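In what follows, a single structure is set out as C-alpha cells and then discussed.
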Amino acid sequence: MEQTRSWLSVLRDPGTQARLRIVSGLVLFVYVLSHFINHSLGLWSLDVMELVGEYFRLFWRFLPFSILLYGAFLTHMTFVLLHIYKRRTLRMSNRERLQIILGLAIPFLMILHILATRMAHELYGVNDSYASVVLATWVQSPFSGIINMIGLVVVWVHGCIGLHSWLKLKNWYQGLWPAVSLVSATLIPLLAITGFISAGREIEILSRSGEWLEAFYENLNLPETGLFEAITGGTLSFRYGFALLLVAVLGLRLVRYIRNKRNSQVEINYMDGPVIRHPAGATLLEISRINDVPHASVCGGRGRCSTCRVRIVHSDQTLPEPDQGEQKVLNRINAKTDMRLACQLVPAGKMKIVRLLPADAAMKDLGAISVQSSGVEQVVAVLFADIRGFTAYSESKLPFDVVYLVNQFSRAMGSAIEDAGGQVDKFLGDGLMALFGVNSSPYEGCRAALEAAGKMQDALDALNSRLANDLDEPLRVGIGIHAGPVVLGDMGYGASRGLTAIGDTVNTASRLEAATKEQGVTLCISANVAEFAKANFALDTKREISLRGKKQKLPIY
C-alpha cells in the first residue's frame with residue numbers, strides 16, 4: 001500500500017508528468033516518422049515500400065515495442081485530457097490552441113486505420129501489408145485514403161509543434177530550428193504523400209488484372225464474415241466513447257468553475273498594473289490571462305522557463321512551497337525566496353506582485369535573462385569615461401569624420417573594458433558607462449575596473465598613434481571610477497530595454513569623471529574603490545574634493 005502511494009505521489013509531480021508526456025510524445029513521433037519514411041519509398045516502387053514496411057511491422061509488433069507504443073498513446077492522450085481539465089482558462093496562444101485541437105482530432109481520424117490494420121491482423125489473421133492498405137485507400141475507398149493522409153499530417157504537425165515547444169528552450173536548437181522546421185514540417189510529409197500517390201497509381205494499374213487481384217486476395221486472407229462489421233462498429237464506438245470522455249472532462253471543468261465561484265476570492269495587486277479579484281484555485285498566470293493582464297510565458301505555462309516569474313512584494317497568507325519542478329527552474333536562475341513562477345503559484349488571500357519580465361519576452365531574450373535583470377541591490381564598480389575637448393573637435397570636422405572617430409574610440413575603449421572583465425552599460429556619444437563586478441565580488445569588480453583604466457589608456461595611445469595623421473592633437477580621456485551599492489535591473493522600453501544600474505553610486509562615478517577636468521588628471525578613483533580592491537596608492541595622490549549634491553567631501557586618488 002505504501003509503495004502504491006509512493007508511486008502515485010511521483011506521478012502527481014508536475015515534473016514527472018512533463019517527462020512522461022515528452023517521452024510518450026517522442027515514441028509516437030518516431031512511430032509516425034517510420035510511417036512517413038515507408039510512404040516516401042513509394043517513389044521508388046511498391047515492392048521496395050512493401051519490403052521495408054515488413055521490417056517496420058516486425059519491429060513495432062514485437063511485443064515489448066507494441067506495449068511501448070500503445071502505452072505511449074494512452075499516456076499521451078491521458079495527459080492531453082488532464083491538461084485540458086487542469087487549465088483554469090482556455091485562453092492561450094494560437095500555437096497552444098492549434099496543438100490541442102490537432103491532438104484531440106488524432107483519435108477520431110486514425111482509429112479506422114488502426115482497427116483496419118492491427119486489429120484485423122491480430123483478431124482475424126489478415127495479412128495487412130502496405131499493398132493492402134494502398135489498395136483499400138486508393139482504389140476501393142479513396143475517401144478513407146484522404147482521411148488517412150489527413151490524419152497522418154495532423155499527427156505530424158501536432159508532433160512538430162510539441163517537439164519545437166520542448167526543444168526551443170535549449171540553446172543549441174535556437175540557431176538550428178528554422179532549417180530543422182523547414183525540413184521536418186514540409187519536406188518529410190511532402191515526400192510521404194507523393195510516395196503514397198506514386199504507390200497508389202502503381203497498384204491501380206496492377207488491380208486491373210484479375211489474375212493479380214485473385215492472388216492478392218488469396219494472400220490477404222480476408223475472413224468471409226465479421227471483419228468489416230467489427231471495423232465499422234469499433235470505429236463508431238471508439239469515436240462516440242472518446243467524444244463522451246471529452247464532454248465529461250469539459251463538464252468537470254464547468255463543475256469546478258461553479259464551485260470555485262462560490263469559494264473565497266483572491267486579490268492580486270500588480271504593482272505596475274491593475275488590482276484583480278478572482279476565485280481561488282487558479283494559478284497566477286491563469287489569473288493574468290483570464291483578466292487580460294499581459295504576462296510573459298515562453299513555455300506556455302508548463303514551468304520549464306522562467307519568463308513568467310514574479311516577485312512577491314506582500315502576501316497576507318503563507319504561500320505553498322515550490323514543488324520540485326518549480327524549484328529546479330528557480331535554482332537555475334539563482335532566484336531569491338521572494339521570487340516565484342506565476343504558472344506554478346496558486347495565490348491565496350491578498351498579494352502584491354511585480355512581473356519581472358516584459359509581456360513580450362521571447363525565446364531570443366532568454367539567453368540574456370539573469371537574476372539581476374529582475375532588479376537587485378548589489379555593490380559594483382561603475383566607470384565613466386569621456387573624450388576631452390571633443391566639442392571643439394566636432395565643430396571643425398565633417399559629420400562623417402566625427403562619427404568615424406566616435407566609433408573608433410568606442411571600439412577601442414569597449415574592447416579594453418571587456419578584456420578586463422567589465423561590461424559596457426551604454427555609450428553616451430563621446431563617452432561611455434561601464435559596470436564591473438555584476439557577476440563577481442566587489443573586490444574582483446574593483447580590481448577589474450582599475451585594470452580596465454590602464455588598458456583603456458593603452459588602447460587610447462594605440463588609437464592616437466594610428467590616427468596621428470588625422471588628428472590635430474592626440475585624444476585625451478577622463479575616467480572616473482566609484483564603487484558602492486546600486487540597483488541593477490532590466491530597464492527601459494522596447495529595443496532600448498537592457499540591464500543597467502541606477503543610484504547614487506552611478507551619479508558619483510559620473511561626477512568623478514567630470515572632476516578629472518578640474519583636477520587636471522586622467523583618472524579619479526574614489527577611496528571606496530581602493531578599499532574594495534585592497535590597492536595601495538601613493539599618499540601624494542590622495543585628495544578630498546567636493547562634488548555637486550554632496551555635503552561632505554569625497555576622498556579620492
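The values are calculated or read from the model by the stated rules, or taken from the named source; none is laboratory data. None of the values given here were measured: they were computed from a predicted structure. With ideal geometry, Cβ positions are generated from the backbone for all residues, glycine too; neighbour counts draw on all protein chains shown. Note: accessible area is taken over every heavy atom of the protein model, side chains too, but ligands, DNA and RNA are not part of it. Shrake-Rupley method; radii C 1.70, N 1.55, O 1.52, S 1.80 Å.
Once divided by 2.2 N^0.38 Å, the Cα radius of gyration of segment 6-160 becomes 1.16.
Between Val183 and Ala348, the contour length at 0.36 nm per residue exceeds the alpha carbon distance by 54.7 nm. With both labels modelled 7 Å from their Cα along Cα-to-Cβ, the Leu74 to Leu33 distance reads 2.6 nm.
Converting phi to 3J(HN,Hα) with the Karplus coefficients 6.51, -1.76 and 1.60 and the offset θ = phi - 60°, segment 223-238 yields x, 6, 9, x, 5, 5, 5, 5, 5, 5, x, x, 5, 5, 4, 5 Hz in sequence order, with x at every glycine or proline. By the equivalent-ellipsoid construction on the alpha carbon gyration tensor, segment 138-267 comes out with semi-axes of 42, 29, 10 Å, ordered largest to smallest. Using Cα pairs under 8 angstrom and six or more residues apart, how large is the relative contact order of the chain, in percent? Over the chain, the number comes to 11 percent.
Using alpha carbons only, how many degrees (0 to 90, rounded to 10) separate the axis of helix 46-60 from the longest principal axis of the chain? Value to nearest ten degrees: 80. With Rh defined as the Kirkwood radius, the inverse of the mean 1/r over Cα pairs, the Rg/Rh of the chain is 1.15.
About its Cα centre, the dipole of the chain is roughly 2200 debye, where the only charges are +1 on Lys and Arg Cβ and -1 on Asp and Glu Cβ. The slack in the chain from Ala514 to Arg259, taken as 0.36 nm per residue of separation less the alpha-carbon distance, amounts to 85.2 nm. Checking the a/c ratio against 1.5 first, then a/b against b/c, what shape does the Cα gyration tensor give for segment 253-337? Because a/c hits 1.5 or more and a/b exceeds b/c, segment 253-337 counts as prolate. Here the Karplus relation 6.51 cos²θ - 1.76 cosθ + 1.60, evaluated at θ = phi - 60°, turns the backbone of segment 112-117 into coupling constants of 4, 5, 5, 5, 6, 10 Hz, with x for every Gly and Pro.
In the chain, a dipole from Cβ-located charges (positive for Lys and Arg, negative for Asp and Glu) runs towards its positive end, and of Gln378, Ala535, Phe65 it is Gln378 whose Cα lies farthest in that direction. Multiplying the residue separation of Ala280 and Ser209 by 0.36 nm and subtracting their alpha-carbon distance yields 18.6 nm. Counting protein heavy atoms only, the chain has 60 percent of its accessible area on carbon and sulfur, 1.4 angstrom probe. Relative to the longest principal axis of the Cα atoms of the chain, helix 442-466 runs at roughly 80 degrees. Computed from Cα positions, the angle between helix 399-419 and the longest principal axis of the chain comes to roughly 80 degrees.
Applying a 4.7 Å Cβ-Cβ cutoff to the chain leaves Cys160, Cys308, Cys343, Cys446, Cys524 as cysteine residues with no disulfide-compatible partner. Using a/c under 1.5 as the rounded threshold, could you call segment 416-540 rounded, prolate or oblate? The axes a ≥ b ≥ c are square roots of the C-alpha gyration tensor eigenvalues, and prolate needs a/b larger than b/c, oblate otherwise. Because a/c hits 1.5 or more and a/b fails to exceed b/c, segment 416-540 counts as oblate.
With a Förster radius of 25 Å applied to the C-beta separation of Arg95 and Ile333, the computed FRET efficiency comes to 0.55. Entry comment: accessible area of the chain is 53 Å² per residue, from protein heavy atoms only and a probe of 1.4 Å. The helix-only estimate of mean residue ellipticity at 222 nm for the chain, built from DSSP H runs of length n ≥ 4 each weighted as -39500 (n - 2.57), is -18000 deg cm²/dmol after division by the residue total. Between Ala359 and Arg201, the modelled label-to-label distance comes to 5.3 nm, taking each label 7 Å out from Cα in the direction of the beta carbon.
Residues whose amide H lies under 5 Å from that of Leu523, counting only those 5 or more places away or on a different chain, are Ile479; hydrogens are built 1.01 Å from N in the peptide plane. Each residue of segment 27-42 was assigned a 3J(HN,Hα) from its phi angle through the Karplus expression (A = 6.51, B = -1.76, C = 1.60, θ = phi - 60°), giving 4, 5, 5, 5, 4, 5, 4, 4, 4, 5, 4, 5, 4, 5, 5, x Hz with x at Gly and Pro.
Rounded, prolate or oblate: which fits segment 10-85 when a ≥ b ≥ c are the square roots of the eigenvalues of the alpha-carbon gyration tensor, with rounded for a/c under 1.5 and prolate only if a/b beats b/c? Prolate shape, in that a/c is at least 1.5 and a/b is the bigger ratio.
Label positions at Asp461 and Val139, each projected 7 Å from the Cα along the C-beta direction, are separated by 8.9 nm.
The Arg543 and Leu428 beta-carbon pair, evaluated with R₀ = 25 Å, returns a calculated FRET efficiency of approximately 0.45. Normalised by the number of residues in segment 177-325, the average gap of Cα pairs under 8 Å and 6 or more apart makes the relative contact order 8 percent.
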